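Trainee: This structure is in structure tokens; I'll ask about it shortly.
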Amino acid sequence: MAGWEQVLDELVRTRGAALVRYATLLTGDARAGEDLVQDALVRCFGSGRTLRETEAAEAYVRRAVLTIFLDGHRRRQRWTARLHLVARDEATAGHEPGVALRQDVRAALLTLRPRLRACVVLRFYDDLTVPEIARRLELSDGTVKRYLADAIALLERVLGPIDDVHSMDVQLTGGRS
Amino acid sequence: MTLDLSRTLHAAVDLADDDSPGLDLGPVTARIRRRRHVRTGVRAGVGVAAAGAVALTASHLTQPATVAGLPAARADAEAGECGSDIALLDRPASPGAGLLDTLVEDANRTTVPRAGGHLGTYVGSWLTVQAVEDAASSPAGSEARIAALRARLAADQQKVTALQADGASADALAAARHQVDLDDAALTSALEAAAEAPDGVATNLRLYVTHRGTVVATDPLASEHAVPLWQNTDAGLTGVQIDQPLVTCDTPGAVGGEPLPAGTYDVYVGYGTAAADATPVAVAGPWHVTVAHPSTSGADLPVAFPRAMPLIGGRVDSVSPLDGGGWLVNVATDAADAAAAAGQLLTPVADASTVLPRLPHGREADPLEHPVAVRLADGSTWTVTVEPFQARDGSPSLVYRITPRISSDDAGS
């Protein structure tokens with residue numbers, strides 16, 4: 001087995017499902033998320049570039065997922081897969097958020113426009129700063145701040161108050177609704 | 001109770017749900033192998049060229065044109081398939097279809113592409129063209145429109161930022177923000193319309209490289225990475241930038257992927273409206289392209305020069321040592337793809353751990369945009385930059401600046 005196949009095999013075995021769930025945050029549909037990850041894997045591993053470490057490869061693939069999503073290469077979004085918006089269970093301190101809460105958040109993300117969704121995922125999953133998001137999405141810092149503020153306001157309408165987002169490392173404009 | 005969004009998103013991705021989808025590795029691996037197969041063929045050719053560069057042979061061209069290195073004509077091949085007769089694609093495209101570089105005005109003063117032109121000499125592994133067609137009939141129209149709307153939105157956002165920085169009046173700022181909102185709405189509307197379009201309505205162009213009428217190079221995957229363009233001309237042309245690997249295609253029983261032998265070829269653009277890999281319904285062309293595999297000749301390289309360094313083929317006009325170590329090398333080349341070919345040559349030896357963060361979106365090493373960290377087989381590490389240069393006699397060349405890297409810790413500096 002070639003070196004790239006070993007890395008690919010390891011990546012898909014250990015992080016494949018997580019990558020699909022990451023892509024699904026963006027697409028809103030698991031099947032479309034899977035398609036998106038497949039395209040990203042082909043782009044990253046088919047380029048001939050040397051990917052030796054699984055961790056680095058995952059970051060590279062995640063970046064490709066976002067790029068392909070935003071570039072609009074994947075048009076087959078399945079909007080029929082909308083989930084119920086409010087089915088929250090208890091999220092007790094010290095425990096990981098429950099399945100229903102995760103589904104609520106995923107469903108709420110679907111109410112956002114794609115670029116707002118991308119900003120939220122980059123900020124709250126990838127833990128990027130506003131300038132980093134702006135560079136990644138080729139937007140101004142101010143636009144990213146506005147998008148995040150709008151997105152948070154929209155999410156809070158569905159999910160209720162969100163912790164700490166108004167005391168982030170950036171001053172969000174617009175505030176909560 | 002408040003929601004911890006970051007923690008919940010991390011859980012949503014990193015904790016498995018019962019319904020977590022699996023990822024079928026088989027089809028992915030097959031697609032990757034196919035793509036790498038094409039690129040490996042390219043790289044093998046590059047390796048030969050690089051070896052020639054080190055040998056500094058007196059000859060300028062390594063291989064004469066040889067039909068033996070090309071896919072054979074197949075009478076049973078379907079239209080557009082490798083080895084098929086290009087004449088089988090007998091439906092001409094609309095007058096507005098063709099290559100952007102060849103636009104002319106016709107008798108009706110309409111801008112149209114004109115077939116028959118020479119696209120230049122290519123020494124690298126890719127032929128990059130900008131193919132256009134009538135916007136009204138273009139399946140790429142929505143993609144191009146979205147790209148144009150994105151560009152307009154970005155420009156208007158920058159205006160707002162500039163106004164804020166300049167302390168503009170509230171009215172001016174409000175007007176600029178209103179324009180951004182309008183742009184945003186238009187883009188959102190276009191994206192939603194594109195998302196709801198039926199499958200297969202996407203950029204769907206394909207290049208055919210032929211030799212004596214036989215298709216010898218074509219890539220059904222090329223349209224996957226086509227870049228939408230928006231040509232706001234009077235003719236209303238739209239189109240895409242598309243890359244075609246200059247390697248042989250596959251025929252039954254004969255795996256391709258080999259660099260096209262040096263020589264002159266015809267290039268056609270196929271236009272389709274169905275799925276990306278479907279047979280095109282119309283074709284425009286031909287244009288002509290010359291493929292060359294020059295080795296490096298001219299000045300002697302110093303003994304201390306890193307001989308494994310892959311330089312573009314051509315006449316070495318000068319090699320000068322740099323203060324503090326390293327070399328300045330000037331290679332004369334009139335190749336249309338000189339800069340891209342230089343990047344392609346460096347990509348296989350680029351130090352991935354250093355290059356990856358600098359080159360997002362899967363781009364190849366581009367020494368014109370970024371210094372490229374290079375690690376050679378002997379373990380030596382170098383920083384390479386390349387700049388186009390016009391020699392005194394007007395001939396074009398590339399100037400390589402090659403400096404040693406002190407240690408791997410310095411690779412990212």
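The values are calculated or read from the model by the stated rules, or taken from the named source; none is laboratory data. All values derive from a computational prediction rather than experimental measurement. Methodologically, a virtual Cβ is constructed for each residue, glycine included, from the backbone with ideal geometry; neighbour enumeration extends over all protein chains shown.
Trainee: For the range B:289-301, give me the residue count where each residue is at pLDDT 85 or above and part of a loop (DSSP other than H, G, I, E, B).
Mentor: 2
Trainee: Among the residues of the range B:1-18 satisfying the criterion of being over 39 Å from the mean Cα position of the chain (by Cα) and outside any helix (DSSP H, G or I), which is modelled with the highest pLDDT?
Mentor: Filtering first and then ranking leaves B:D4.
Trainee: For residues that are surrounded by 13 or more Cβ atoms within 10 Å (Cβ to Cβ) and over 36 Å from the mean Cα position of the chain (by Cα), tally how many sit in the range B:144-173.
Mentor: Matching residues across the range B:144-173 total 5.
Trainee: Right, something else. Residues in the range A:33-52 that are over 15 Å from B:R31 (Cβ atoms) and modelled with pLDDT of 80 or more: how many?
Mentor: Narrowing the range A:33-52 to residues over 15 Å from B:R31 (Cβ atoms): A:33, A:49-52.
Narrowing further to those that are modelled with pLDDT of 80 or more: A:33.
Residues meeting the conditions: 1.
Trainee: Using beta carbons and a limit of 6 Å, which pairs, at least six apart or on different chains, have the first residue in the range B:333-346 and closer than 13 Å to B:D243 by Cβ and the second one outside any loop (DSSP other than H, G, I, E, B)?
Mentor: Taking only residues 6 or more apart or on different chains, the pairs are B:D337/B:Y122.
Trainee: Can you tell me which residue in the range B:313-324 is surrounded by the most Cβ atoms within 10 Å (Cβ to Cβ), limited to those that are in contact with a Ser or Thr (Cβ under 9 Å, 6 or more places away or on another chain) and at pLDDT below 90?
Mentor: If we filter the range B:313-324 for residues that are in contact with a Ser or Thr (Cβ under 9 Å, 6 or more places away or on another chain), which is where we start, we get B:313-317, B:322, B:324.
Keeping just the survivors that are at pLDDT below 90 gives B:313-317, B:324.
On the way: B:G313: 27, B:G314: 25, B:R315: 16, B:V316: 21, B:D317: 16, B:G324: 7.
Across the range B:313-324, the extreme among qualifying residues is B:G313.
Trainee: Filtering the range B:321-345 down to residues that are farther than 19 Å from B:P396 by Cβ and not acidic (D, E), which residue is farthest from the chain's Cα centre (by Cα)?
Mentor: Step one: filter the range B:321-345 for residues farther than 19 Å from B:P396 by Cβ, giving B:321-327.
With not acidic (D, E) added as a condition, the list becomes B:321-322, B:324-327.
Working: B:P321: 33, B:L322: 33, B:G324: 35, B:G325: 33, B:G326: 30, B:W327: 29 Å.
Result: B:G324.
Trainee: Follow-up. I'd like the full set of residues that are in contact with a Leu (Cβ under 7 Å, 6 or more places away or on another chain) and polar (S, T, N, Q), limited to the range B:243-264.
Mentor: Passing the criteria: B:Q244, B:T248.
Trainee: Tally time: how many residues in the range A:26-42 are in contact (Cβ under 8 Å) with a residue 24 or more places away in the chain and more than 7 Å from chain B (Cβ to nearest Cβ)?
Mentor: Of the residues in that region, 10 qualify.
Trainee: How about the range A:119-148: which of its residues are more than 11 Å from chain B (Cβ to nearest Cβ), of a type in the set (A, V, I, L, M) and closer than 16 Å to A:R63 by Cβ?
Mentor: A:L128, A:I133
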